[in-house]
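The values are calculated or read from the model by the stated rules, or taken from the named source; none is laboratory data. These numbers come from a predicted model, not from an experiment. Neighbour counts are summed over all protein chains in view; Cβ atoms, including those assigned to glycine, are modelled from backbone coordinates with ideal geometry.
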Amino acid sequence: MVVVVVTKKYLIAAVFLIVWVEQVFAETANKVKIIYNAVSQKGSGGYQVIDESQDQDIVVQEPMLLLQVGLDEDIFMHGMFAYDTWTSASDKAFDDATSASLLHRQERESFNLGVTWDKKTHGLSFTLGQSSEWDYKSNYFSVGGYHNFAQDNFSIAFNYSFYDDQTKLFDVSEDETKDFESKKTEAMAFDMSQILTPTDLLLFGHHVITQTGTLEGTLNTININGTRTEEILPNFKLRQASYVKWIHSLDEEQALHLSYRSYNDSWAINSQTFEISYLKSLMDDEAYIEVFFRHYTQSQYSNFETSFDSSQEFMTSDADYEKLSSNQIGFFYNQEMEVFDYEAQFVLGVSHYERDNNLSYDTAQISFGVSF
Amino acid sequence: MKLVFLLTIILTSCANVKQIDRGRLASKIMQPSTNAEEKLFLNEVRSFREASVGGTVGAVGGGCGCN
């Protein structure tokens, strides 16, 4: 079964590459881009970790390949392949305590393939995707479209995504992995943008997400009077986020992006997010730098406890559900250049994230893309 | 938030900037999604460390059992 799935995956990739090669010399928009993402996290407040260490250290590396093939002036195919690998302290603790996987290092493969029809004033897009890892797998599709109005002053976009996921939890008392259980996610996004003045652009939108099925974390545990067992969460969640973003040109070479997001869900968690970015154009707009700061604060999930005295209907000690706030600061350098007469783009990004319940991480990203 | 949306609609309903006046808006630093493909990863990482999703590109709580 695994061989069939892998073969199908590479067959699709091969077809995609053949189409891509055939189109390389056509006067259409072809693009290939490689991104390397990395995260290094330190954390000592993970009450959900099975061995009581609360250790949430993790290192993630993710190389990613993006392809775009123009079929004609308006239609192009696009695809993505990503390979994640990570070593985490909580996985190791879990493996040591239960012999669950004995991996100590896990990996995830994901890919998607889609087609977009873009007439510049309106367009449609369709994407199919899949990802798989040891205790989680997903098949998903998304469809979206947009239309501009009033000589492109106003734009409205809609996107619908459906994730048919399966998650494998661990039975702590039996010391064995359970079978895959279903988790389904539907997401609808309504996004709009409006040009306000020759130097101001406003974006706003509302996203609605519903989740049903097994919503527990794959390795999350709780402590009830000294005994470790799995967390228990409701099997339905309605999540809503509204945002507004203002983009303002300070002068020919400088701009500010300000955004605010309000989030709430049916588990009575709400959050506020503020973000400000300063961008400066360099080398006659051939390059730019972006510096951003993000502040986030959330309320605590009512069924969160660091430990429990007695059993209750829903229980979690996942530190992600604790009342918390976080700050993140980051930097991007983006430059376009010519390489062997082809247009190329280089991006370098770094960031530092600090959460007030003993978790922080650093990210590093580097990418290189060529357009044909 | 509803007030923000209402104000947004009122404020924007009469705005009309001609193509010829959009030189500044065409600059790379004025695009709504700068470094979009790189920020997709940052959004995903955050979405698995915070209880909130949505309101950003990608990351809707599906497709990954990430730690």
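Against the numbered list (1) within 11 Å of another protein chain (Cβ to nearest Cβ); (2) free of Cβ contacts under 8 Å to residues at least 24 places away in the same chain; (3) not β-branched (Val, Ile, Thr), A:Asp265 comes up short only at (2). Within the stretch A:235-271, being part of a strand (DSSP E or B), among the polar types (S, T, N, Q) and over 16 Å from A:Phe204 (Cβ atoms) holds for A:Ser249, A:Gln254, A:Asn264, A:Asn270, A:Ser271. Selection of first residues in the stretch B:37-56 that are at the interface with chain A (Cβ under 7 Å from one of its Cβ atoms) and of second residues that are assigned to a helix (DSSP H, G or I), restricted to Cβ pairs under 8 Å at least 6 apart or on distinct chains, gives the following pairs, ordered by first then second residue: B:Arg49/A:Asp320; B:Glu50/A:Asp320; B:Ala51/A:Asp320; B:Ala51/A:Tyr321; B:Val53/B:Ser47.
Does A:Gly330 qualify as being surrounded by fewer than 21 Cβ atoms within 10 Å (Cβ to Cβ), within 10 Å of chain B (Cβ to nearest Cβ), among the small types (Gly, Ala, Ser) and not in a loop (DSSP other than H, G, I, E, B)? So A:Gly330 does not fit the description; no. When the residues of the stretch B:41-59 are filtered to those that are part of a loop (DSSP other than H, G, I, E, B) and among the β-branched types (Val, Ile, Thr), the one that is modelled with the highest pLDDT is B:Val53. Right, A:Ala187: surrounded by 22 or more Cβ atoms within 10 Å (Cβ to Cβ), over 26 Å from A:Gln151 (Cα atoms), within 8 Å of chain B (Cβ to nearest Cβ) and touching a Ser or Thr at 6+ places or on another chain (Cβ under 6 Å) or not? So A:Ala187 fits the description; yes. Within the stretch A:337-372, the set of residues being surrounded by fewer than 18 Cβ atoms within 10 Å (Cβ to Cβ), free of Cβ contacts under 8 Å to residues at least 24 places away in the same chain and within 12 Å of chain B (Cβ to nearest Cβ) comprises A:Phe346, A:Leu348, A:Val350.
Within the stretch A:252-303, restricting attention to residues that are hydrophobic (A, V, I, L, M, F, W, C) and more than 24 Å from A:Ile329 (Cα to Cα), the residue that is modelled with the lowest pLDDT is A:Met283.
Of all the numbered requirements in (1) in a strand (DSSP E or B); (2) of a type in the set (Asp, Glu); (3) within 30 Å of B:Arg24 (Cβ to Cβ), A:Asp165 misses one, and that requirement is (3). Scanning the stretch A:111-162 for residues that are outside any strand (DSSP E or B) and touching a residue at least 40 places away in the same chain (Cβ under 8 Å), we see that the one that is farthest from A:Phe76 (Cα to Cα) is A:Asp135. For the stretch A:288-318, residues that are at the interface with chain B (Cβ under 9 Å from one of its Cβ atoms) and small (Gly, Ala, Ser) total 1. Among the residues of the stretch A:272-287, those identified as within 8 Å of chain B (Cβ to nearest Cβ) and either more than 20 Å from the chain's Cα centre (by Cα) or part of a loop (DSSP other than H, G, I, E, B) (or both) are A:Leu279, A:Lys280, A:Ser281, A:Asp285.
Each residue in the stretch A:203-234 was checked for being in a loop (DSSP other than H, G, I, E, B) and not acidic (Asp, Glu), and 10 pass. Of all the listed residues (A:Gln298, A:Gln328), the sole one being out of contact with any Phe, Trp or Tyr (no Cβ under 6 Å at 6 or more places or on another chain) and not aromatic (Phe, Trp, Tyr) is A:Gln298.
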